[in-house]
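Read-outs: derived from the displayed coordinates by stated rules, not from any lab. Everything quoted here is computed from the prediction, not taken from an experiment. Positions of Cβ are backbone-derived with ideal geometry, glycine not excepted, and every protein chain shown enters the neighbour counts.
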Amino acid sequence: MVSNKHQKYILNKIFLPRQYLIMEQVFSSIRIKTPSKGFTDITRNINHFIIENNLSSGILIINIMHTSCSLTVNENADPNVLYDLENYIESIVPYNSYHDLTKERKEIHYKHYQEGEDDMPAHIKTALSNTSLSFSFQNQKLMLGTWQGIYLWEHRLGNKERRVNIHAIGEK
């Protein structure tokens, strides 16, 4: 347990010398149109949000408001990475049905299919990936690796409009 003396020191060190520090909390959302299944780079959208809200440094959380798409951080230099990732997930989560892992390899059809053959597989893909990501930003820019980008990963066929919520806490 930290002593009161130590806690007081931390409070003094962090808050008193920076008495003019203004922290702001911002809630917002962006709408992203996806052409079909696959990846849409939203890194610029998130950086634009930081600049538009005049936030200097802080943290932010993004989450997707849907159950059939997800968010991922991945390589933005070689498109083959995204191609391979999409093909891999397609191979482990097939449309219409799957085979169980018993010796008999029994075929099991999805019970949830009301919105099409891609419906249940999209939910499974979302469950296997992320719906929320957190980041730090500094000097009005996301702190990402050289080859990293933020992607909305659409798991459904056909055009969709998706909403990404953003919650940021940062200095002005």
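Structural remarks
- Consider the stretch 149-172 and keep the residues that are surrounded by fewer than 16 Cβ atoms within 10 Å (Cβ to Cβ) and within 15 Å of the chain's Cα centre (by Cα). The one that is nearest to Glu115 (Cα to Cα) is Arg163.
- Qualifying positions in the stretch 93-112 - surrounded by fewer than 11 Cβ atoms within 10 Å (Cβ to Cβ), of a type outside the set (Lys, Arg) and closer than 18 Å to Ser68 by Cα: His112
- Take the conditions (1) within 30 Å of Glu171 (Cβ to Cβ); (2) in contact with a Ser or Thr (Cβ under 6 Å, 6 or more places away or on another chain); Ala122 misses just one of them, which is (1).
- Residues in the stretch 113-126 that are of a type outside the set (Val, Ile, Thr) and under 22 Å from Glu86 (Cα atoms): Tyr113, Glu115, Gly116, Glu117, Asp118, Asp119, Met120, Pro121, Ala122, His123, Lys125.
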